[in-house]
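The values are calculated or read from the model by the stated rules, or taken from the named source; none is laboratory data. Only a predicted model underlies this, so the values are computations on that prediction, with no experimental measurement involved. Please note: Cβ atoms are built from the backbone with ideal geometry, for glycine as well, and neighbour counts cover all protein chains shown. When the accessible area is computed, the model is the full protein with side chains, heavy atoms only, and any ligands, DNA or RNA have been set aside. Shrake-Rupley method; radii C 1.70, N 1.55, O 1.52, S 1.80 Å.
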Amino acid sequence: DNTGQGGNHNQQHVQQHRNNNGYGNNNGNTQQYQQQQPQRATKPLPMPHIKLNSLHSSRLFDPRNSSTYNIPEYKTMQYLQHTRGLTRSVLRKYGVGCAEYKFPSKKKGKGGSGMEYVSSTCVTFPWLMRQGEVQEQEELRGAEYVWRKDDDDDEEDDVDEEEHDKEKERLRELERESKRRIEAAAAEAAFAKKKSKARSEMTALERYYAKRERKKKSAANNEDDDNNNDNITEQFQFTPQTPQPKLPEPLTTDEIESLHGPYITRRIKVRSIEQKSWQRLDPPGGGFGLFGWHTIPHDTNEIIITEGEFDAMAVYQATGRPAVSLPNGCRSLPMEVLVLLERFDTVYLWMDNDGPGREGAEMFARKLGVERCLLVQPSGKRGWNGGNNNNNMMMMDEGESCDDEEDLSFEAASESRPQPPKDANEALLQGWDINELLNEASELPHERILKFSDLRDQVIHEITNPDKYRGVPVPSLPGFTSLIKGFRRGEMTVLTGPTGSGKTTFLGQTSLDLAEQGVNVLWGSFEIKNTRLMHKLLQQYMKDVLPIGLAEREGSMEEKKKMYEALTVLADKFDTLPMYFMKFHGGSDIDDVLDAMEYAAYVHDVEHIILDNMQFMISRDVKKMSSSFDKFDMQDIAIEKFRKFATDYNVHVTLVVHPRKEDEGAKLGISSFYGSAKATQEADTVLILQSDGKRKFVDVKKNRFDGTLGHVPLYFERKSGRYTEDAPAQAPPKTVVPNGVGVKTFNGVGHQKGRAVASSNYGDIRGQHPL
């Protein structure tokens, strides 16, 4: 029953942030997701061929011409065993395989156009799930997926359908009863352990919660002192223990398979051994699952989740405890996967020991429920045994032995102790005791109170590795990226510029650059309709002119057909980008917008939100205001809410604010934003698109990250609908002073013979134009 205990875990966490926002107060996360998703009949998502993963696995473990030392299969096995330190038995248990896939390279194709694809040897990681779990995922989408046990003979066709349903219901009831008994016994044991624990043995956090529980009970009972004394006396009276009922036998493998179906391959993730960035999901557009999910026992209430596939196998190899890995690393936890995790009481989150990994672990803990999550963040104080511990023994297959069993002293181990491992696979290779690292896992600290020790490791890591804490770059605008150091989560950017200066074009280009790097982007376009916005984004994504008016264009039917097919292929590729759009236009209620943003951040793990623009968004509420001061107050309240949202949900919010009325062609400043100074005060980055009709540049007026300010020229390419920082091949003509004319100075601009020289902070921009 995958909708049992876990729903309560998530409900408590979500309800803390979702009061009065339309989600309902009595439903778990799965029910909330079903309410938000349209229930429409769709086809099930594609899945790989039933025998494809077996083929990949057989290639790895039974390679052709195994006596040859240069075949791809042998190199792959050597990489997994020697570079990653994994054994054949662990690789076989997790279903790892080997295959050849093609990836786009930076080289041009034949004829100097297009893109060349290069074949590469890859490791394959299957996402195995039971058919009943696939059916549950498809039902959340509104699709119908029917599964049946494979029939090997004709006798299965004669089975009474009614008897089959009765047997299935009996197994379900038996499974539910078994889980209820186990949970009751575990709760009683935990309560007895907690009750017998002395106050001196409690941690400060445990004493805090115990004191809070006593206050709640005292306020609820509201009894006098005499009754309290009687209750205390009764607590110490001896009560004979009643024998516990015998727990039912766990379900057999056949019963579980009859109830939930056999395992099938939901999807296959492939990763090149030559380049880490070459990764692919096969088939495209399929569903989400967890690598190693088939290793989790059916009746366990504990699970270990890692960021990468090698980390999950490293944990299992060193400890024997089943572990799974996320489908998209630390970037997202899809709702389809969240449904699978609802039945666990304890969830270990072991992300990479860096900035993005810590942020992802905290985000996932709040998404899963902080009360049941433990974060594994090795500090280096526990788990090191000189690289000579049980991990090395468990790494070896049968028949291998370890001759070096010399124990290191504490002093020697301290001197040779390396830095805390970045991930579980590194911990395995360096010889850390992974069981000790798991025992060191701690709960998420209080949201509002921190000590330096809570962030000590992160601060030191940020100081020693500053490049890893920069934001997501904008590859198409490298000069702009060098100024702001990329877009970082948890921050807010405000952008302004004159009407028609290209703010939407600029944001569309940056959003595509982010989405192409795997960043989940949410668009809120309140000024132009989504269809028009997508039209602009398609042109920027294609980097060329779209075939507008194809139906009326002159030409043969064959040419039109080819152009239409090319447009369809472009749309299919654009559809794979992690980009979402809010269905708002014009004046909208701020709380409704925040509700949609919250849903996207929770369900789709959105990392960057663009709101274009503030004035159109609040125009409906502004009409009700009696004075301009009320309008400013409304805008300040909205900006404050968006700033708080960016911090609470650790997303980047980019907000477009129109400037106040200025003289045409006048240079805008940080005080040119419409309304009060709230927008620029709350923002971490302030951007202004400057334009006078001849030249254009983006001006960074505030940069809270490192204080770097400046400006970058922008040149618009009409063909692609994009900006570039490189000047066009034919620069605009410059004013040439005729020979014999002396040098004169006017408004700070010195004119010399034969050229014009600008003495200004913006000389590099103005020097490209007549004045």
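In the set (1) of a type outside the set (S, T, N, Q); (2) in contact with a strand residue (DSSP E or B) (Cβ under 8 Å, 6 or more places away or on another chain); (3) at pLDDT 90 or above; (4) open to solvent by less than 60 Å² (accessible area, probe 1.4 Å), the condition left unmet by Val90 is number (2).
Taken residue by residue, segment 708-727 has at least one member that is modelled with pLDDT of 50 or more, among the basic types (Lys, Arg), within 30 Å of Arg470 (Cα to Cα) and in contact with a strand residue (DSSP E or B) (Cβ under 9 Å, 6 or more places away or on another chain).
The selection criterion, being of a type in the set (Ser, Thr, Tyr), in a loop (DSSP other than H, G, I, E, B) and buried (at least 16 other Cβ atoms within 10 Å of the Cβ), does not hold for Ser511.
Identify all residues within segment 636-660 that are within 30 Å of the chain's Cα centre (by Cα), under 19 Å from Val686 (Cα atoms), open to solvent by 40 Å² or more (accessible area, probe 1.4 Å) and charged (D, E, K, R); write none if there are none. Result: Glu640, Lys641, Lys644. Of all residues in segment 257-286, those that are farther than 16 Å from Ser57 by Cβ have Cβ atoms under 8 Å from Cβ atoms of residues that are among the charged types (D, E, K, R) and in a loop (DSSP other than H, G, I, E, B), 6 or more apart or on another chain, in Glu257/Lys149; Ser258/Lys149; Gly261/Lys149; Pro262/Lys149; Pro262/Asp150. Filtered by the rule that a residue be among the charged types (D, E, K, R) and in a helix (DSSP H, G or I), segment 563-614 gives Glu565, Asp572, Lys573, Asp575, Asp591, Asp592, Asp595, Glu598. If you go through segment 514-539 and pick out every residue that is over 25 Å from Ser588 (Cα atoms), open to solvent by 10 Å² or more (accessible area, probe 1.4 Å) and either under 22 Å from the mean Cα position of the chain (by Cα) or hydrophobic (A, V, I, L, M, F, W, C) (or both), you end up with 4. Counting only helices (runs of 4 or more DSSP H) wholly contained in segment 326-436, the ones carrying 3 or more residues that are closer than 20 Å to Ala312 by Cβ and modelled with pLDDT of 85 or more occupy 335-340, 355-368, 424-430. Filtering segment 687-726 to residues that are within 20 Å of Leu512 (Cβ to Cβ), in contact (Cβ under 8 Å) with a residue 40 or more places away in the chain and of a type in the set (D, E, K, R) leaves Lys696, Lys719, Arg722, Glu725. Can you confirm whether segment 626-635 contains a residue that is of a type outside the set (Phe, Trp, Tyr), open to solvent by less than 30 Å² (accessible area, probe 1.4 Å), modelled with pLDDT of 85 or more and part of a helix (DSSP H, G or I)? There is at least one residue in segment 626-635 that is of a type outside the set (Phe, Trp, Tyr), open to solvent by less than 30 Å² (accessible area, probe 1.4 Å), modelled with pLDDT of 85 or more and part of a helix (DSSP H, G or I). Checking each residue in segment 458-485 for being in contact (Cβ under 8 Å) with a residue 12 or more places away in the chain and under 30 Å from Lys661 (Cα atoms) picks out Leu477, Gly479, Phe480, Leu483, Ile484.
Scan segment 298-324 residue by residue and report those that are among the small types (Gly, Ala, Ser), in contact with a strand residue (DSSP E or B) (Cβ under 9 Å, 6 or more places away or on another chain) and either over 19 Å from Ala365 (Cα atoms) or open to solvent by less than 10 Å² (accessible area, probe 1.4 Å) (or both).
Those that are among the small types (Gly, Ala, Ser), in contact with a strand residue (DSSP E or B) (Cβ under 9 Å, 6 or more places away or on another chain) and either over 19 Å from Ala365 (Cα atoms) or open to solvent by less than 10 Å² (accessible area, probe 1.4 Å) (or both): Ala312, Ala314, Ala323.
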